[in-house]
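J.: Below you'll find the structure I mean.
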Amino acid sequence: MSISDLTIKELRDKLESKALSAKEVADFYIDRITKYDKELNSFLTVVDNLKVSGKGPLAGIPIAIKDVIVTKGIRSTGGSKILENYIPPYSATVIKKMDKAGYTLLGKTNCDEFAQGSSNENSAFGPVKNPWEMSRVAGGSSGGSAVAVAADLCHVALGTDTGGSIRMPAGWCGVVGIKPTYGRVSRYGVMAMASSLDQVGVFARRVDDTREVLSVIEGKDSLDCTSSTRATGDMRVDSLEGVRVGVPEEYFAEGLDLEVEGVIRDGINTMKELGAEVKEISLPYSKYALATYYIIMPAEVSSNMGRYDGIRYGESEIQNSKFKIQNLEEIYKINRSEFLGEEVKRRIMLGTYVLSAGYYDQYYARAQKVRRLIRQDFEKAFKQVDVIAGPVAPTPAFRLGEKTDDPLQMYLSDIYTVPVNLAGLPALSVPAGFTKDNLPVGMHLIGKWWEDNKLLDIAEHFEIATEHYKKKPTL
Ligand code: GLN
């Protein structure tokens, strides 16, 4: 058994009994990064002098961090040219908490620029490759974190999920990825994309490892007023016996790849065989979710991107004589034109448009109303079921370059994941099987607000019964 096959609990036992040293564990991953990451491109920065001497529940556990989460003294680019050389003077709350818990920071992972994308092809530092087939995308925006776990380049990884950025790459790379209930984890020190949707979460090979890390990073933080003291419930679900699983008809409609549908239907049958009660449900407003998300999200993006002006921080052309900058507006224009990527620019423009006088009511205010209706759909559904199951994405991982020229096609990949963020619910992707071409398919399980732990238990019963985690990509 390799180090990467152990759960955090098993690894902790071995470290405590000195059967393994923290240095051996870290070296195992560093060696693999050296060997495989040139091609995969999942890390943007690998830490030089690894700190392996921590104490606490995560002592000696090597963890990779999505590059939109700031780490004191360690370069944090957010996947953007404008922060290519940015060394933060402080750490995000989640980082401080993991530090206290003794974790080993392995490095910072590649992602779409400021988490904006579905395939990791919007990174200023090149795309991440899917370890199951190198010609395919990893999924985005936390593609580096998903691949680092899938290829055994780290034990667990943190990502962020604004519209699916943890669940979707987890599904396409065959690992577990959870986005907790909005407010469970502090966003302080996370480069903001769309603040009412952003949430930090965890990637791991095993469900239990995500539970371990979440219990360290969760909780109220005075530096993030949307973080909550609400507990996530310790009611344990001992088996799938009697668990009510809702299957929304809208998640199996046109556009869903037949092979993906087959794998998910099989997975739902497995849950049934394990005792779950499967019910058809309806989420009628979900057909508006993508349109609603692509109004609210860019509106918030356009405000949040305002800080990247090349003055307070960020790369700047102020000194470049080529530009002969005359005034403040020119500084903004030149720096942003030079250092921001196409997709980020597109969203700033779309967002500014939907917020502008005359259009605000027609777009932004209306989208907020629809957001409310989407949430109400879920409120109704959760009166009848404990968990909602469906595909995490409509297709398996597509080929690199296949959708880069067509943003609308790209956005369609987010169709099943964005309703969850609009409603603030906890949700995860757990490996459900493979296509004929050996590409992983993820099962999307959505829980009720603050029932994250129940959701994890349900996913774990499925995981233990199906054992898809045992199959790994050959590198
Ligand atoms: N793919 C979605 C987008 O491009 C979600 C991104 C995310 O969750 N950070 O906006």
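The values are calculated or read from the model by the stated rules, or taken from the named source; none is laboratory data. Bear in mind the structure is a predicted one, so any value in this text is a computation, not a measurement. Note that each Cβ is placed from the backbone with ideal geometry, even for glycine, and that neighbours are counted across all protein chains shown. SASA here: full protein model, heavy atoms, side chains in, ligands and nucleic acids out. Shrake-Rupley method; radii C 1.70, N 1.55, O 1.52, S 1.80 Å.
J.: If the requirement is being open to solvent by 20 Å² or more (accessible area, probe 1.4 Å), in contact with a Leu (Cβ under 6 Å, 6 or more places away or on another chain) and farther than 24 Å from Val175 by Cβ, which of these qualifies: Tyr364, Tyr332?
T.: Details: Tyr332 fails: in contact with a Leu (Cβ under 6 Å, 6 or more places away or on another chain).
Of Tyr364, Tyr332, the one residue that is open to solvent by 20 Å² or more (accessible area, probe 1.4 Å), in contact with a Leu (Cβ under 6 Å, 6 or more places away or on another chain) and farther than 24 Å from Val175 by Cβ is Tyr364.
J.: Of the residues Gly262, Gly267, which is loosely packed, with under 15 Cβ neighbours inside 10 Å, modelled with pLDDT of 95 or more and assigned to a helix (DSSP H, G or I)?
T.: One residue alone meets the criteria, Gly262.
J.: While we're on this one: Taking the conditions exactly as written (in a loop (DSSP other than H, G, I, E, B), open to solvent by less than 30 Å² (accessible area, probe 1.4 Å) and more than 26 Å from Trp172 (Cβ to Cβ)), does Gly310 satisfy them or not? Quick ask: steps written out before the conclusion?
T.: Working: in a loop (DSSP other than H, G, I, E, B): yes; open to solvent by less than 30 Å² (accessible area, probe 1.4 Å): yes; more than 26 Å from Trp172 (Cβ to Cβ): yes.
Yes, satisfied.
J.: I'm trying to understand the selection: among the residues of region 459-472, which are open to solvent by 20 Å² or more (accessible area, probe 1.4 Å) and either over 15 Å from Ala204 (Cβ atoms) or touching a Leu at 6+ places or on another chain (Cβ under 9 Å) (or both)? Walk me through how you get there before you give the answer.
T.: Our first condition is that a residue be open to solvent by 20 Å² or more (accessible area, probe 1.4 Å); within region 459-472, this holds for 460-461, 464-472.
Within region 459-472, His461, Ala465, Thr466, Glu467, Lys471 qualify.
J.: Still on this structure, I have one more. Can you find even one residue in region 369-380 that is within 16 Å of the ligand (Cβ to nearest atom) and under 20 Å from the mean Cα position of the chain (by Cα)?
T.: There is no residue in region 369-380 that is within 16 Å of the ligand (Cβ to nearest atom) and under 20 Å from the mean Cα position of the chain (by Cα).
J.: Sticking with this one: Answer with yes or no whether Arg75 is at pLDDT 95 or above, under 30 Å from Ser21 (Cα atoms) and surrounded by fewer than 24 Cβ atoms within 10 Å (Cβ to Cβ).
T.: On the way: at pLDDT 95 or above: yes; under 30 Å from Ser21 (Cα atoms): yes; surrounded by fewer than 24 Cβ atoms within 10 Å (Cβ to Cβ): yes.
Considered against the rule, which asks whether it is at pLDDT 95 or above, under 30 Å from Ser21 (Cα atoms) and surrounded by fewer than 24 Cβ atoms within 10 Å (Cβ to Cβ), Arg75 comes out as yes.
J.: For Thr395, state whether it is open to solvent by less than 20 Å² (accessible area, probe 1.4 Å), touching a helix residue (DSSP H, G or I) at 6+ places or on another chain (Cβ under 8 Å) and of a type in the set (S, T, N, Q).
T.: Working: open to solvent by less than 20 Å² (accessible area, probe 1.4 Å): no; touching a helix residue (DSSP H, G or I) at 6+ places or on another chain (Cβ under 8 Å): yes; of a type in the set (S, T, N, Q): yes.
No, not satisfied.
J.: Could I ask something else about it? Quick one: is Leu106 of a type in the set (A, V, I, L, M), farther than 23 Å from Leu400 by Cα, within 14 Å of the ligand (Cβ to nearest atom) and open to solvent by less than 10 Å² (accessible area, probe 1.4 Å)? So that I can check it myself, show each step before the final result.
T.: Working: of a type in the set (A, V, I, L, M): yes; farther than 23 Å from Leu400 by Cα: yes; within 14 Å of the ligand (Cβ to nearest atom): no; open to solvent by less than 10 Å² (accessible area, probe 1.4 Å): yes.
Spelling it out, it is not the case that Leu106 is of a type in the set (A, V, I, L, M), farther than 23 Å from Leu400 by Cα, within 14 Å of the ligand (Cβ to nearest atom) and open to solvent by less than 10 Å² (accessible area, probe 1.4 Å).
J.: Going residue by residue through region 86-100, is there one that turns out to be open to solvent by 50 Å² or more (accessible area, probe 1.4 Å), hydrophobic (A, V, I, L, M, F, W, C) and under 24 Å from Gly143 (Cα atoms)? First the steps, then the outcome.
T.: The initial filter retains those residues of region 86-100 that are open to solvent by 50 Å² or more (accessible area, probe 1.4 Å), namely 87, 89-90, 96-97, 99-100.
Restricting the remaining residues to those that are hydrophobic (A, V, I, L, M, F, W, C) gives 87.
Now narrow it down to the ones that are under 24 Å from Gly143 (Cα atoms): 87.
Yes - at least one qualifying residue is present in region 86-100.
J.: If you go through region 36-58 one residue at a time, how many are without any contact (Cβ under 8 Å) to a residue 24 or more places away in the chain and either assigned to a helix (DSSP H, G or I) or closer than 22 Å to Lys470 by Cα (or both)? Reasoning before the result, please.
T.: Step one: of region 36-58, the residues without any contact (Cβ under 8 Å) to a residue 24 or more places away in the chain are 38, 48-49.
From the residues that got through so far, the ones that are either assigned to a helix (DSSP H, G or I) or closer than 22 Å to Lys470 by Cα (or both) too are 38.
Of the residues in that region, 1 qualify.
J.: Pick out the one residue from Ile178, Ile217 that is surrounded by 21 or more Cβ atoms within 10 Å (Cβ to Cβ), within 29 Å of Pro89 (Cα to Cα) and more than 14 Å from the chain's Cα centre (by Cα). Can you show your working first?
T.: Numbers: Ile178 fails: more than 14 Å from the chain's Cα centre (by Cα).
Testing whether each residue is surrounded by 21 or more Cβ atoms within 10 Å (Cβ to Cβ), within 29 Å of Pro89 (Cα to Cα) and more than 14 Å from the chain's Cα centre (by Cα) leaves just Ile217.
J.: Taking interchain pairs and intrachain pairs at least six residues apart, which have beta carbon atoms under 7 angstrom, with the first residue in region 138-167 and more than 14 Å from Ser118 (Cα to Cα) and the second modelled with pLDDT of 95 or more and of a type in the set (Lys, Arg)?
T.: Note: pairs meeting the criteria are Val149/Arg205; Asp152/Arg32; Leu153/Arg32; Leu158/Lys66.
J.: Taking region 424-458, which residues are in contact with a helix residue (DSSP H, G or I) (Cβ under 6 Å, 6 or more places away or on another chain), surrounded by fewer than 24 Cβ atoms within 10 Å (Cβ to Cβ) and closer than 28 Å to Ile296 by Cβ?
T.: Correct list: Lys448 only.
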